[in-house]
Structures are given as C-alpha cells and as structure tokens.
C-alpha cells in the first residue's frame, strides 16, 4: 500500500468553534488528506468512530484516492490525544468539526461523498440529510442505537456521571488487527490505556443521543447508500442495520461480511477487510 501521497493535514478552519485538545496528537491519530496534484472534481469525507482515530481508515482512503477521488479524514476533537481531552469534548464538538469540514468541501468540489465508521455513521446522517451537494454515503459498522443503552442504562450512566467521568472496563492489547497507518501499531498500547480501558459516562450519553437523533435523519435521505455489515460485530452493527432498513426501506444497499468484526477497515481477517473495502470501491465506481 502506497502511503507516500498522504498529507497529515486538513484545513485549520475546520476546527473553528470546537474544543481544542491540550495534549499532542498521537502519530496514528493525525488528521490526513490525499489530494491529487490536479484537484479532483469530487471528494470523500471520512468520519471515524467513538474513541477511534483517522489511522483506522487508511485502507479505504488509499483505494479511493487511487480511484481518482480526493480524500479527507479529520480527527474528531478529544480523540487520539488523551482521556482528559476526551472528557472535555462533547458531541457538539464532533458534529461541529464535521459540519465545518463538509461546508468547506462543498465550496471546493462538485460533489462530496461521505463515509462513516461506527459513531461516524450517525454523524454522516446529520451531514447528508436533505443536502443535494452530498453524493453517496457509506455506513461501515453502522451505529444508530445501541440496544444495551436503553432507558435503564441511560439512567445509571446519568447517575454515575455525577460522581465520576469514567469507569474501568476490560481491554487487552491485540496484535491481530492489521493497522495500515505509518509505523503501525506504535500507538495502540497508549491509546488503549487512555481510551479503550474506560467507559466514559457523559461521553457515552452524548454518543447515545447522536445515535438516536441520527436515526431520525435517515428518513430524509435522497442519497445512494451502502451499508457494510460485519456479521461478527459484537459491539453494534446488526441491530443498527435493521433500524436502517426500517427507516429507508428499498434504498438500503447492504453488504454482509461473514467474518468481519466492528473494526472491519483494519480487520484481523484480511479477506473480510478486503471484501468490505472492495464493496466500497465498487459502490464508488457505479
């Protein structure tokens, strides 16, 4: 995979009026873009997931760039730096950055296509709703409502958030996933300690609101959709796909990936990863 065309840069004005992180961004979490010398007419904007980071999305970014598109992958505020930054950032910051990015790209390109992973799919629902400048939309491991976070869980989280910003959870470092960013996987242990070992009480509530409200926006879509549904996703995907189908009906184009996990874009099963990315490329070509 050729990473020489990656620029670790996105426009500074995208971070206008959103939370500014205090800690330095880790190498794999840097925002990046891939822009042709002769700017393409159309581009893709990627939005990563909850506690995720841009480096997780390198594989489809490179393939879409090689197909002729310009690609932009911004880092959401609070992500990829430290847990304290994550606690200080909220969904308005995540949505605000994404809206700034889309509005800027719409002025520069004939058409902007969207790809979201996990929580990023809910944000893409806000970005694309009733916007004719948005083209195709890809939902990878879609996240619109977590069935484990119904009313009782929200009440518990709300109560706990009064006393603590985070609660320890089980996580262990795995070397089975195929990260594609430069010098991977140099940041995995650090990011695990800062993010993945914790349930963040207020941020989980913010995440739930994004999923719930994003689902409402699906009903307004005039766009072409592709849904990448990893069948071994133990975090969210399956129930969310059912909700998407209910919302948009026949407009739902679903690709089930048999051995894919929630981390399908850098999966431990190379074939599952390739099947997902190839489906995205085929969708972009059509």
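Taken together, the values in this text are just the output of simple stated rules run on the coordinates, not laboratory data. Predicted, not measured: the structure shown is a model, and the values here were computed from it. Reconstructed Cβ throughout: ideal geometry from the backbone, glycine too, with neighbour counts over all protein chains shown.
Residues that are touching a residue at least 40 places away in the same chain (Cβ under 8 Å), crowded, with 18+ Cβ neighbours inside 10 Å and within 22 Å of residue 178 (Cβ to Cβ) within region 228-259 comprise 228, 229, 230, 233, 236, 237, listed in sequence order. Meeting the requirement of 3 or more residues that are in contact with a strand residue (DSSP E or B) (Cβ under 9 Å, 6 or more places away or on another chain) and over 30 Å from residue 164 (Cα atoms), the helices (runs of 4 or more DSSP H) wholly within region 78-134 are 91-108, 119-128. For region 163-175, the candidate set comprises residues that are more than 21 Å from the chain's Cα centre (by Cα) and touching a residue at least 60 places away in the same chain (Cβ under 8 Å); within that set, the residue that is surrounded by the fewest Cβ atoms within 10 Å (Cβ to Cβ) is 165.
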